[in-house]
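This report concerns only the one structure given below.
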Amino acid sequence: MTSLVETVAALAQPWADLYRASDLLQFGLHATHLTGIAVAGGTALGADRLALRLGKRPAAQRLAFLAALAAKHRRVLTALAFVVASGVLLLLAQVRSHLPSPFFWIKMTTLGLLLWNGSRLRRAERRLLAAPEHTREEWGEMETHAARSAGLWVAMALLGVILTTLR
């Protein structure tokens, strides 16, 4: 792993030097990353919370929520694109501290699980929209994915703090 870290660090050195030399660049990149997390995570957590609360409501109310959910998914995915782009640039500026860190790899695994869960949630959403008279039990899959999503978003935030604090 050390030779890989050193190879990537050497390739990224011009970017790392530019990053370290510019407070404005550091601020802008961190602001983009944190704003993206706030928008994506906040939107997702709000939708997750509502999905969990709607389980006991009539199917018509759940359908109205599902109809609006696609716009929320677009907002989350757009914000996540900014998070990933800024995250890659942050990684390239700090290769030697991040690549060997187990917290970095745990965070990347958590991101992968978050994306996997999001795709499962979208699949459940489509299935429920196709069955307007779905049952409370059929809604349970949506609740499972929403609860998992909420937990993963919280884990992502905590891992980000750990990663930036423990270098």
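The values are calculated or read from the model by the stated rules, or taken from the named source; none is laboratory data. None of the values given here were measured: they were computed from a predicted structure. Here the Cβ is made from the backbone with ideal geometry for all residues, glycine too, and neighbour counts use every protein chain on show. In case anyone asks, the SASA skips ligands and DNA or RNA and just uses the protein heavy atoms, side chains included. Shrake-Rupley method; radii C 1.70, N 1.55, O 1.52, S 1.80 Å.
Provide the solvent-accessible area of residue 6, counting protein heavy atoms only and rolling a 1.4 Å probe, rounded to the nearest 10 Å².
Accessible area of residue 6: about 80 Å².
Take the alpha carbon atoms of segment 1-58, find their center, do the same for segment 106-167, and report the distance between the two centers in whole angstrom.
Centre-to-centre (Cα) distance: 17 Å.
Counting helices only, and only those DSSP H runs with n ≥ 4, report the 222 nm mean residue ellipticity of the chain as the sum of -39,500 (n - 2.57) divided by its residues, in deg cm²/dmol to the nearest 500.
Helices in the chain give a 222 nm mean residue ellipticity of -31500 deg cm²/dmol.
Can you work out the accessible area per residue across segment 1-98, with the rest of the protein chains kept in place, probe 1.4 Å, in square angstrom?
57 Å²
Using a simple spin-label model with points 7 Å from Cα along the Cα→Cβ vector, what separation in nm is obtained for residue 4 and residue 123?
2.8 nm
May I have the pair-distance distribution P(r) for segment 17-167, computed from all Cα-Cα distances with 10 Å bins from 0 and rounded to whole percent?
11, 38, 27, 16, 8, 1
For segment 1-82, what relative contact order do you get, as a whole percent, if you take Cα pairs closer than 8 Å and at least 6 residues apart?
Once divided by the residue count of segment 1-82, the mean separation gives 36 percent.
Taking θ = phi - 60°, what integer Hz values does the Karplus form 6.51 cos²θ - 1.76 cosθ + 1.60 yield along segment 20-36, in sequence order, with x for Gly and Pro?
Calculated HN-Hα couplings, in order: 5, 7, 10, 5, 5, 5, 4, 4, x, 5, 5, 5, 4, 5, 5, 5, x Hz.
Once fully extended, how much extra length lies between residue 21 and residue 97, figured as 0.36 nm per residue of separation less the alpha-carbon to alpha-carbon distance?
Separation in residues times 0.36 nm, less the Cα-Cα distance, equals 25.6 nm.
In degrees from 0 to 90, rounded to the nearest 10, what is the angle of the helix 136-165 Cα long axis to the longest principal axis of the chain?
The two axes meet at around 20 degrees.
Taking θ as phi - 60°, what are the ³J(HN,Hα) couplings along segment 108-119 by the Karplus curve (6.51, -1.76, 1.60), each to the nearest whole Hz, with x for Gly and Pro?
Taking θ as phi minus 60°, the curve returns 5, 5, 5, 4, x, 5, 5, 5, 4, 5, x, 5 Hz for segment 108-119.
Between residue 158 and residue 77, what is the FRET efficiency for a Förster distance of 30 Å, r being their Cβ-Cβ separation, to the nearest 0.05? Don't skip to the end; give the middle numbers.
Working: r = 22 Å, r/R0 = 0.74.
The formula returns an efficiency of 0.85 here.
Take the alpha carbon atoms of segment 52-103, find their radius of gyration, then divide it by 2.2 N^0.38 Å using N residues; give the quotient. Present the calculation step by step, with values, prior to reporting the outcome.
On the way: Rg = 18.6 Å, N = 52, 2.2 N^0.38 = 9.9 Å.
The value comes to 1.88.
When the gyration tensor of segment 11-65 is built from Cα positions, what are the square roots of 5 times its three eigenvalues, in whole Å, from largest to smallest?
Semi-axes (√(5λ), whole Å): 43, 9, 7.
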